[in-house]
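Peer 1: Have a look at this one.
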Amino acid sequence: MTDSSKKCRIVILISGRGSNMQSIVETIKKKQLAAEVVAVIANKADALGIQWAQEQGLVTEVLEHKAFASRQQFDDQLATVIQTYQPDYVLLAGFMRILSPSFVEQFDGKLINIHPSLLPLFPGLNTHQQALDAQLQWHGCTVHFVTAVLDHGPIIAQGIVPVQQEDDETSLAGRLLAIEHRVYNEVLQWLVEGRVRLLETGRVQVDGVAHRAFAL
Ligand code: GRF
């Protein structure tokens, strides 16, 4: 985004409670970023975040993956729906679907995910328990460009929280969520300001930002 007269158009994909989506929507309101959430799309009708988004007066869509015969058919339809909103960025925020290579390719450089681990550690599910089992003393989250490989891709920013002796999965996930919101919102700000560049080397550069690391 370089044209300052134009608002950055954002589509957010969710599957559940959508707290990352909520914090992004609230940040846009508060900071008056030149960004607009043009649609929130869920793959489940009972996603709690969809209800919240509707209450905020946002445009919402539900596209139930279960209604499609194959992953490819769902992804093709999802891509078609997203394209109608002409987004500058598509943010995955607790969107629990593996996306097909053709989908990812279609949104190359525009598709961003948050994952609750310090990638490349612990792609996939149960990241908090895996961090506990490994006796890590730090747990973290990663915001990254999406590639066709699950929970993989050029890293834009990471955040860390300490793991405490008495932690279980729930307490650790809760502590991490606070930093997830912070990291995703910082990245959003950089995106809106047009500072995030995906270099040909596959590395990320954020103009004017030396450290893309956050801690509680
Ligand atoms: C977050 O930990 C997110 O990183 C992960 O799923 C969780 C969803 O949280 N992928 P929410 O739906 O944004 O509240």
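Derivation of every value follows stated rules applied to the coordinates shown; laboratory data play no part. Computed from a prediction, not measured in an experiment: that's the story for all the values here. As a convention, Cβ positions derive from the backbone with ideal geometry for all residues, glycine included, and neighbour counts pool all protein chains shown.
Peer 1: Identify all lysines with a Cα-Cα distance to residue 6 below 16 Å; exclude those on the same chain that are fewer than 8 residues away in sequence.
Peer 2: Candidates past the 8-residue exclusion: nothing left.
Peer 1: What ranking of 211, 152 emerges when the number of other C-beta atoms within 10 Å of each C-beta is taken as an exposure proxy, fewest first?
Peer 2: 211, 152
Peer 1: Fewest first, what order do 216, 63, 48, 176 take by the number of other Cβ atoms within 10 Å?
Peer 2: Arranged by neighbour count, lowest to highest, 216, 63, 48, 176 become 216, 48, 63, 176.
Peer 1: Ok, one more. Starting from the Cα of residue 171, step 7 Å along the direction of its Cβ; do the same at residue 207; then give the gap between the two resulting points in nm.
Peer 2: Going from the residue 171 label point to the residue 207 one covers 4.5 nm.
Peer 1: With n ≥ 4 as the cut-off for DSSP H runs, can you work out [θ] at 222 nm for the chain, using -39500 (n - 2.57) per run divided by the number of residues, rounded to the nearest 500?
Peer 2: Result for the chain, helices only: -10500 deg cm²/dmol.
Peer 1: Also, I was wondering about something else. Can you pick out the pairs among 7/44; 7/29; 66/110; 7/30 whose Cα atoms lie more than 19 Å from each other?
Peer 2: 7/44; 66/110
Peer 1: Fewest first, what order do 89, 184 take by the number of other Cβ atoms within 10 Å?
Peer 2: Starting with the residue having the fewest Cβ neighbours, the order is 89, 184.
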